[in-house]
Amino acid sequence: GTSGAGKTTLCESLINKYPETFGMIQLDDYFKPAEMVPVFEGFENWDDPEALYLDRLAKDLEDLSKGNAIEAMTKNAFRNPDYKITQKRILSVFEPKAIMLVEGFLCLYDSKIRNYFSYSIWLEIDHEKGWGRRSHFKNDEYYEKVFKPMYAKYVAPTKRYSNFILDVS
């Protein structure tokens with residue numbers, strides 16, 4: 001679903017309640033450096049699939065599916081609690097768990113990534129409400145010129161690949 005739908009909150013809740021069962025990989029850990037991100041309407045376009053290392057994510061999911069740990073530079077709040085202060089990612093080892101959650105707005109975009117999913121859940125929320133709940137980088141001009149068109153072009157069409165749609169409005 002869209003930004004602010006509660007994807008991270010849902011995943012973190014499951015991990016907190018069942019830490020031996022659930023692990024999580026976050027799409028946010030696969031963003032390219034700013035100088036490699038495409039520009040759209042004068043903004044760095046963080047909502048374009050080209051801003052992500054999707055092939056690296058697919059490879060990491062392959063390794064996890066084979067029972068192998070992976071390493072990623074993460075800003076994950078569990079593993080890197082100082083990220084909000086330092087803005088620096090840290091190298092972290094992710095061990096495979098019985099259920100691996102893959103969280104992010106474009107997780108269903110790439111077929112190589114989708115092929116590793118047993119199930120996918122779409123969190124449905126009104127677009128404006130989701131943007132209002134967004135906890136980082138809120139810029140109204142970016143929202144209108146980049147976020148909304150990229151959501152319509154890349155994110156919304158992936159809803160059709162969901163096994164379950166949960167209305168979280």
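The values are calculated or read from the model by the stated rules, or taken from the named source; none is laboratory data. From a predicted model like this one, the values you see are computed outputs, not experimental measurements. Cβ coordinates were reconstructed from backbone atoms using ideal geometry, including for glycine residues, and neighbour counts include every protein chain displayed. These accessible areas exclude ligands, DNA and RNA; they are computed on the full protein's heavy atoms, side chains included. Shrake-Rupley method; radii C 1.70, N 1.55, O 1.52, S 1.80 Å.
Output the relative contact order of the chain, whole-number percent, from Cα pairs under 8 angstrom with separation of 6+ residues. Write out the running numbers ahead of the final one.
Values: 239 pairs, mean separation 57.0, N = 169.
Reported as a whole number, the value is 34 percent.
List the trypsin sites (Lys or Arg not before Pro) within region 39-88 that DSSP assigns to loop and that have no more than 15 neighbouring Cβ atoms inside 10 Å.
66, 88
Most fluctuating residue of 117, 147, 43 in a GNM of the chain with Cα springs under 10 Å: which is it?
Result: 43 has the largest fluctuation of those listed.
For residue 46, what accessible area in Å² do you get when you roll a 1.4 Å probe over the heavy atoms of the protein chains, rounding to the nearest 10?
It works out to around 70 Å².
Can you pull the percent of the chain's accessible area that's carbon plus sulfur, 1.4 Å probe, other chains left in place? Mind showing how you got there, number by number?
Values: 4910 of 9600 Å².
Carbon and sulfur: 51 percent of the exposed surface of the chain.
Starting from the amide H of residue 124, placed 1.01 Å from N in the peptide plane, find each other amide H under 5 Å away whose residue is 5 or more places distant or on another chain.
Here the answer is 166, 167, 168, since their amide H atoms fall under 5 Å of that of residue 124.
What dipole magnitude, in Debye to the nearest 20, does region 1-110 give about its Cα centre under +1 on Lys/Arg Cβ and -1 on Asp/Glu Cβ? Don't skip to the end; give the middle numbers.
Values: 12 positive and 19 negative charges, 95 e Å.
In total the dipole reaches around 460 debye.
Between residue 62 and residue 121, how many nm apart are label points set 7 Å from Cα along the C-beta direction?
About 2.9 nm separates the two model spin labels.
Could you pull out the longest piece of the chain with no exposed loop GluC sites (Glu not before Pro) in it, calling a site exposed if DSSP puts it outside H, G, I, E, B and it has at most 14 other Cβ atoms within 10 Å? Write out the running numbers ahead of the final one.
Values: sites that count: 20, 41.
Value returned for the longest uninterrupted segment is 42-169.
Of the options 99, 165, 54, report the single residue whose Cα projects farthest towards the positive end of the charge dipole of the chain (beta-carbon charges: Lys, Arg +1; Asp, Glu -1).
Positive-end residue among those listed: 99.
If you take the square roots of the eigenvalues of the alpha-carbon gyration tensor of region 1-93 and sort them as a ≥ b ≥ c, do you get rounded (a/c under 1.5), prolate (a/b over b/c) or oblate? Walk me through the numbers on the way to the answer.
Details: a/c = 1.68, a/b = 1.43, b/c = 1.18.
Judged from the Cα gyration tensor, region 1-93 comes out prolate (a/c at least 1.5, a/b above b/c).
Subtracting the Cα-Cα distance from 0.36 nm times the residue separation, let me have the gained length for residue 140 to residue 9 in nm, one decimal. Please report the intermediate quantities before stating the final value.
Values: separation 131, 0.36 × 131 = 47.16 nm, distance 2.37 nm.
Result: 44.8 nm gained on full extension.
Could you tell me how many degrees, from 0 to 90 and to the nearest 10, lie between the Cα long axis of helix 54-65 and the main elongation axis, the longest principal axis, of the Cα atoms of the chain?
Between the helix axis and the principal axis of the chain, the angle is about 20 degrees.
If we count every other residue with Cβ under 13 angstrom of residue 20's Cβ, Lys/Arg +1 and Asp/Glu -1, where does the sum land?
Working: positive: 17, 97; negative: 95.
Result for the neighbourhood of residue 20: +1.
Before anything else, pin down the relative contact order of region 34-113: Cα pairs under 8 Å, at least 6 apart, normalised by residue count, whole percent. Before the final figure, lay out each step's value.
On the way: 71 pairs, mean separation 20.1, N = 80.
Computed value for region 34-113: 25 percent relative contact order.
Output ³J(HN,Hα) for region 36-46: one whole-Hz value per residue in order, computed from phi by the Karplus curve 6.51 cos²θ - 1.76 cosθ + 1.60 with θ = phi - 60°, and x for Gly and Pro.
Karplus values, whole Hz, x for Gly and Pro: 9, 7, x, 9, 9, 6, x, 10, 4, 9, 6.
Where in region 94-118 is the amide nitrogen less than 18 Å from a point lying 7 Å along the Cα-to-Cβ axis of residue 18?
Residues 95-103, 117-118 fall inside that zone.
So with the 1.4 Å probe, I'd like the accessible area per residue for region 43-86, rounded to whole Å². Intermediate values should be presented prior to the final figure.
Values: 2450 Å² over 44 residues.
Computed with neighbouring chains in place, this is 56 Å² per residue.
As a test of the formula, what do you get for the chain when each DSSP H run with n ≥ 4 contributes -39,500 (n - 2.57) and the sum is divided by the residue count, at 222 nm and rounded to the nearest 500 deg cm²/dmol?
Numbers: 5 runs with 38 residues, N = 169.
When only DSSP H runs of four or more count, the value is -6000 deg cm²/dmol.
Output the antiparallel fraction of DSSP beta bridges having both residues in region 55-169, as a percent to the nearest 5. Working shown, then result.
Details: 5 of 9 bridges.
Just about 55 percent of them are antiparallel.
Within region 1-39, what residues put their amide N at less than 11 Å from the label point 7 Å along the Cα-to-Cβ vector of residue 110?
Correct set: 27, 30-32.
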